[in-house]
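Here the structure is laid out as structure tokens; the discussion comes afterwards.
The values are calculated or read from the model by the stated rules, or taken from the named source; none is laboratory data. Because the structure is predicted, anything quoted here is derived from the model rather than measured. Positions of Cβ are backbone-derived with ideal geometry, glycine not excepted, and every protein chain shown enters the neighbour counts. What goes into the accessible areas is simple: the full protein's heavy atoms, side chains included, and nothing from ligands, DNA or RNA. Shrake-Rupley method; radii C 1.70, N 1.55, O 1.52, S 1.80 Å.
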Amino acid sequence: MTRSLFKGNFWSADILSTVGYDSIIQHLNNGRKNCKEFEEFLKERAAVEERYGKDLLSLSRKKPCGQSETNTLKRALEVFKQQVDSVAQCHIQLAQSLREEARKMEEFREKQKLQRKKTELVMDAVHKQKSLQFKKTMDAKKNYEQKCRDKDEAEQAVSRSANLVNPKQQEKLFVKLATSKTAVEDSDKAYMLHVSTLDKVREEWQSEHIKACEAFEAQECERINFFRNALWLHVNQLSQQCVTSDEMYEQVRKSLEMCSIQKDIEYFVNQRKTGQIPPAPIMYENFYSPQKNVVPPGKATEPNLARRGPLPIPKTSPDDPDYSLVDDYSLLYQ
């Protein structure tokens, strides 16, 4: 800061006015309120990050995600779950960092409050002293002016009584005039003393006002700088969270690059294959054929009841009374 602006711009022509000082105090109160609001924002953001981290952690650890996959894709999914878990932990750590920044903001705000309090106590005292001395000076002025009017009236009374023959009345008027002159002199001295004292009080107040302006301006510069840096740090933390998350997700992408479709297919085949010989064709077997009882090599001897050939085709026409002839045996339809 090259020069102080507060001490040159917050005055008033009215000696009793504190409008400049009040304006600075109001501005400082607003700044303190703004710090408090950002502090509360950090706490709320920390709560959001913590909830998100815990929810993400619960999702990563409890929710199945391709649990029956095998080989390279399974390894990629394991990396994915691990990195999601790590991202969740990062959000929880970010919440702790944000709470720490909120605590620092609170400490800074309270430190400035205590510093301001010292200056404000001094200014409150000089304001009261100035107001009190101004009142005493104005009262002394009123008294002085009244004594002057009383003296003027006494002089006029003496002038009017010049033609009076009553010496006692004239004597009283002269005594009153002398008394009023003495009173004027005394009140004038008192008034001048109060004016002198007020001027000293005014100079003291002016000096303290300048000191207060310089102290408050220094505080405001410090507050703006601290607030700016805190906000800068906050967005850097959020950016770093994004960078860290991307680095973790990059591990997932690398694991996916190592995923081989052919290897996973071969792995499944090797683990679950059931044989390389398909079933033989089902051959026609005539029920009446002499060869039906011939058991092919490698086949079981039990009869296959579920597989019977069709009935032989009759050798006679359907209109013939002979229903069917098989070799030399005939079955007559009665």
Which entry in (i) -0.85, -0.91, -1.15; (ii) -0.45, -0.57, -1.15; (iii) -0.53, -0.65, -1.25 matches log10 I(q)/I(0) by the Debye sum over Cα atoms at q = 0.09, 0.10, 0.14 Å⁻¹ derived from the coordinates of this structure?
-> (i)
Net charge near ASN71 (other residues with Cβ under 10 Å of its Cβ; Lys, Arg +1; Asp, Glu -1) is 0
Given a 1.4 Å probe and the protein chains all in place, what does the accessible area of TYR284 round to, in Å² to the nearest 10?
-> 150
Between the residues PHE174, TYR144, LEU121, the Cα farthest towards the positive end of the dipole of the stretch 40-180, that dipole coming from +1 and -1 charges on the beta-carbon of Lys, Arg, Asp and Glu, is from PHE174
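With a 10 Å radius around each residue's Cβ, average the other Cβ atoms per peptide and rank 148-156, 63-71, highest first. All intermediate terms of the calculation are to be shown ahead of the outcome.
On the way: 148-156: 15.4, 63-71: 11.2.
Ranked from most to least packed, the peptides come out as 148-156, 63-71.
Quick one: ranking HIS27, HIS91 by accessible area, 1.4 Å probe, largest first, what do you get?
Numbers: HIS27 90, HIS91 25 Å².
Of HIS27, HIS91, the descending order of accessible area is HIS27, HIS91.
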With all protein chains present and a 1.4 Å probe, how do LYS200, LYS136 order by accessible area, largest first?
-> LYS200, LYS136
Expressed as a whole number of Å, what is the distance separating the alpha-carbon centroids of the stretch 26-70 and the stretch 111-185?
-> 70
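Could you give the length gained by full extension between SER4 and ASP199, i.e. 0.36 nm per residue of separation minus their alpha carbon distance, to one decimal place?
67.7 nm
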In whole percent, how big is the carbon plus sulfur part of the accessible area of the chain, probe 1.4 Å, protein atoms only?
-> 56
How much net charge surrounds GLU153 when only other residues with a Cβ under 11 Å from its Cβ are counted (Lys, Arg +1; Asp, Glu -1)?
-> +2
When the chain is treated as a GNM, springs tying every alpha-carbon pair under 10 Å, which of SER159, SER12, SER86 comes out with the largest mean-square fluctuation?
-> SER159
Hey, got the dipole for the stretch 18-272? About the Cα centre, +1 on K and R Cβ, -1 on D and E Cβ, debye to the nearest 20?
-> 720
To the nearest 10 square angstrom, what accessible area does LEU231 show with a 1.4 Å probe?
-> 80
Exposure rank, largest accessible area first [ILE282, ILE277, ILE210, ILE224; 1.4 Å] | ILE277, ILE282, ILE224, ILE210
Once both axes come from the Cα atoms, what is the angle between helix 261-272 and the longest principal axis of the chain, in degrees from 0 to 90, rounded to 10?
-> 50
Show the residues, 5+ positions off or on another chain, whose built amide H is closer than 5 Å to the amide H of THR70.
-> none
Could you check which residue among ASN30, ASN286, ASN270 shows the biggest mean-square fluctuation in a GNM of the chain with a 10 Å Cα cutoff?
-> ASN286
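Could you state the accessible area per residue of the stretch 143-245 in Å², with a 1.4 Å probe and every protein chain left in place?
Working: 6650 Å² over 103 residues.
Dividing the accessible area of the stretch 143-245 by its residue count gives 65 Å².
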Got a number for the accessible area of LYS147? Probe 1.4 Å, square angstrom, nearest 10.
-> 60
